[in-house]
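Taking it in order: structure first as structure tokens, then the write-up.
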Amino acid sequence: MYSYFIYFYMNSIYNQMLFLAAPKIYFPLFSFLFLMAVFFPLLTVYIMYKNKLISSISIPKRKERIPILVLVIIYYSMTYYIFRYWNTTLLNLLHPYLSFLFAGLMLLLLLTIITLKWKISIHAASISGLCGGMTAITLIAQPIINLQQIFLVNAVLLTFIGIVSFSRMYLKVHSMIQILVGIAIGFSLVFGLVFNQFYI
């Protein structure tokens, strides 16, 4: 959701053309993304907790994370393919954000594979992926009229990597190496895919 707000806050040529072509598209895209990325995953976790399939809403146990991650991948895949369809109907003006969604899906898949054997910090990887993706979009979606504000947003995201990482260590739910690996994988993978505008 943060990526959506930040992306459409950018006054880029892509967004200017998109809102000219479909001025009422913002809320339908937002509503769909909210349902698939927030509401349904939270509802799934709650149902699993109530049915004692997981021991806690915070999902502290590595093995309990795997079915949650698989379900989130399913929701995210549906989101990606619907956005991909909309992108083709909107003259490919969602192209930069579509590569971000694809990169997020690839990050989820990689984190799930790693979680099968090792407890990586998904929080650190996620916030770093958001930062990496938005940094890459800032570089490729030029010209951006409000570039100074977007640079400030990216600086805040970098700060949040530190805050989130510190909180994971403070709560003693992850070691330093689990957090550092999460940061490295999240930022580099999403930045690389978005900067190269790669998606399938």
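Readers should treat all values here as calculations from the given coordinates under stated rules, not as data from a laboratory. In this text the structure is predicted, and so the values were computed from the model without any measurement.
Normalised by the number of residues in the chain, the mean separation of alpha-carbon contacts (under 8 Å, six or more apart) gives a relative contact order of 29 percent. Among GLY132, GLY162, GLY104, the largest mean-square fluctuation in a Gaussian network model of the chain, built with springs joining Cα atoms closer than 10 Å, belongs to GLY162. Structure remark: mean-square fluctuation, Gaussian network model of the chain, C-alpha springs under 10 Å; the largest value among PRO23, PRO96, PRO67 belongs to PRO23. Its DSSP H runs of at least 4 residues, each contributing -39,500 (n - 2.57), put the calculated 222 nm mean residue ellipticity of the chain at -25000 deg cm²/dmol, to the nearest 500.
Taking SER167, SER126, SER31 in turn, the Gaussian network model of the chain (Cα-Cα springs below 10 Å) assigns the largest fluctuation to SER31. For region 54-127, averaging the sequence separation of C-alpha pairs within contact (under 8 Å, six or more residues apart) and dividing by the residue count gives a relative contact order of 40 percent.
Taking the C-alpha atoms only, the angle from helix 122-140 to the longest principal axis of the chain is near 10 degrees.
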